Amino acid sequence: QVQLVESGGGLVQPGGSLRLSCAASGISFSIYHMVWYRQTPEKQRELVARITSGGSTNYADSVKGRFTISRENAKNTVYLQMNSLKPEDTAVYYCYADIGGTNYWGQGTQVTVSS
């Protein structure tokens, strides 16, 4: 059974940092690309960052230079380091993977950036 479990969200002041984690189980984690999305009630779900099985990364323009995606295959975990957070980064952040043509999502973790 495939599971993606996010953690690390919370309330942070503008300019602060958070690190999100997504622990995967039930898959051969190292061979899959992993993606972080985010969603607010006002917007469609937005791709934030992606990391391939080989470690190549790409980012939404809105987070380039502030967010860093990484993976630790030995722990079946993908991370999203978020620095210089802005109020517009407030959203529910989801971990995603396409496993053999099936979409898998985590339950989401809330990030709120507010003073």
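The values are calculated or read from the model by the stated rules, or taken from the named source; none is laboratory data. All of these numbers come straight from a predicted model, not from anything done at the bench. Glycine also receives a Cβ, built like all others from the backbone with ideal geometry; neighbour counts cover every protein chain displayed. The protein model used for the area step is the full one, side chains on, heavy atoms only, and it has no ligands, DNA or RNA in it. Shrake-Rupley method; radii C 1.70, N 1.55, O 1.52, S 1.80 Å.
In straight Cα distance, which lysines are under 23 Å from residue 86, not counting same-chain residues fewer than 8 positions off?
43, 64
Calculate the spin-label point distance for residue 102 paired with residue 58, positioning each point 7 Å from the Cα along the beta-carbon direction, and give it in nanometres.
Distance between label points: 2.6 nm.
Relative contact order for segment 24-73 using alpha-carbon pairs under 8 Å, separation at least 6, rounded to a whole percent?
About 29 percent, as a whole number.
Taking a ≥ b ≥ c as the square roots of the Cα gyration tensor eigenvalues, with a/c under 1.5 meaning rounded and otherwise prolate when a/b beats b/c, else oblate, which class fits the chain?
prolate
Please calculate how many Å² of accessible area segment 60-115 carries per residue, with a 1.4 Å probe and no DNA, RNA or ligand atoms counted.
The answer is 48 Å² per residue.
Return, ordered by residue number, the residues of segment 52-74 whose backbone nitrogen is under 14 Å from a label point located 7 Å along Cα→Cβ of residue 3.
No residue qualifies, since no backbone N sits under 14 Å from the label point.
Quick one: if the Förster radius is 41 Å, what FRET efficiency do residue 74 and residue 115 give, using the C-beta to C-beta distance and rounding to 0.05?
0.60
Over the chain, what is the relative contact order in whole percent, taking alpha-carbon pairs under 8 Å and six or more residues apart? Walk me through the intermediate numbers first.
Details: 276 pairs, mean separation 41.5, N = 115.
Relative contact order for the chain comes out at 36 percent.
Explain nothing, just compute: Karplus ³J(HN,Hα) = 6.51 cos²θ - 1.76 cosθ + 1.60, θ = phi - 60°, for every residue of segment 62-72 in order, whole Hz, x for Gly and Pro.
5, 10, 4, x, 10, 10, 9, 9, 8, 9, 10
Between 26, 55, 100, which gets the highest mean-square fluctuation from a Gaussian network model of the chain, Cα cutoff 10 Å?
Of 26, 55, 100, the Gaussian network model singles out 100 as fluctuating most.
Return the carbon/sulfur percentage of the accessible area of the chain, one whole number, probe 1.4 Å, all protein chains in place.
The computed percentage sits at 44.
Which residue, 90, 111, 80, has the largest displacement toward the positive end of the dipole of the chain when charges sit on each Cβ (Lys, Arg +1; Asp, Glu -1)?
So the residue furthest toward the plus end is 80.
5 Å is the cut-off here: which amide hydrogens, built 1.01 Å from N in the peptide plane, fall below it relative to residue 86, excluding neighbours closer than 5 in sequence?
HN-HN under 5 Å from residue 86: 15.
Kindly identify segment 35-99 as rounded, prolate or oblate by the Cα gyration tensor criterion: order the square roots of the eigenvalues as a ≥ b ≥ c, call it rounded if a/c is under 1.5, otherwise compare a/b with b/c, prolate if a/b is larger, else oblate.
Details: a/c = 1.98, a/b = 1.50, b/c = 1.32.
The shape class here is prolate.
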